[in-house]
Amino acid sequence: MDSPLLLREPPIVPAFTSRLFPNTIALWNESKLLARLLYKTKNQHRAGLYYHRMQQVMRVLKCMAREEVYLQACWETGAEYSVNGMELLCAKLKRDCGKAYILLEHVYSEAYFVPLAVTGMAMLARLHACALLVESDLDKTVTRIEI
C-alpha cells in the first residue's frame, strides 16, 4: 500500500507529456524512490543535515509537480511564466541535489551509514541527470514554439 508521504504524481496527459516533457516520467519515478527512502529512514536520520538537504530536494520536487500541473492547464494560453518557473525549479533542483550529494559524500567518507549514503548519492545523481534532461526539453520546446 502506498505511503501517505509519497509524492503524488501529477495527472499526465499522454499527448502533452510526449510532446513537451518526455523526460518527466523518469523524474517522477526517481522522486517516488527518494520519497520512499526518506520515509523509511526518517526516525533514524532526521537530525542529520544530510537528511534535511534530501528533504529540501523533495520539497523542490513537489513544487515542480505543482508547476507542471499548472503548466499543463495553461499551456494553450501562452504561459511563458510557467516555463520560466519550471526552468528556475530545475536549476534549484540541480543545486539542492549537489548540496545533498556533497553531504552524503562526507557521510560515506566517514564510514557512517554507508548503505544510505551510497543509495542516496545514486538517487541524487539520477535526479540531477533527469533535471538536466527536463531543462533541455524545456529549451527545445520554447525554441520550437517561438519559431
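The values are calculated or read from the model by the stated rules, or taken from the named source; none is laboratory data. Only a predicted model underlies this, so the values are computations on that prediction, with no experimental measurement involved. Using ideal geometry, Cβ is built from the backbone for each residue, glycine included, and neighbour counts are taken over all protein chains shown.
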Checked the range 19-59 for anything at pLDDT 90 or above, within 15 Å of Cys130 (Cβ to Cβ) and of a type in the set (A, V, I, L, M); matches are Leu33, Leu34, Ala35, Val57, Met58
inquiry  = So, Lys94, is that one closer than 15 Å to Cys130 by Cβ and either assigned to a helix (DSSP H, G or I) or at pLDDT 90 or above (or both) or not?
reply    = yes
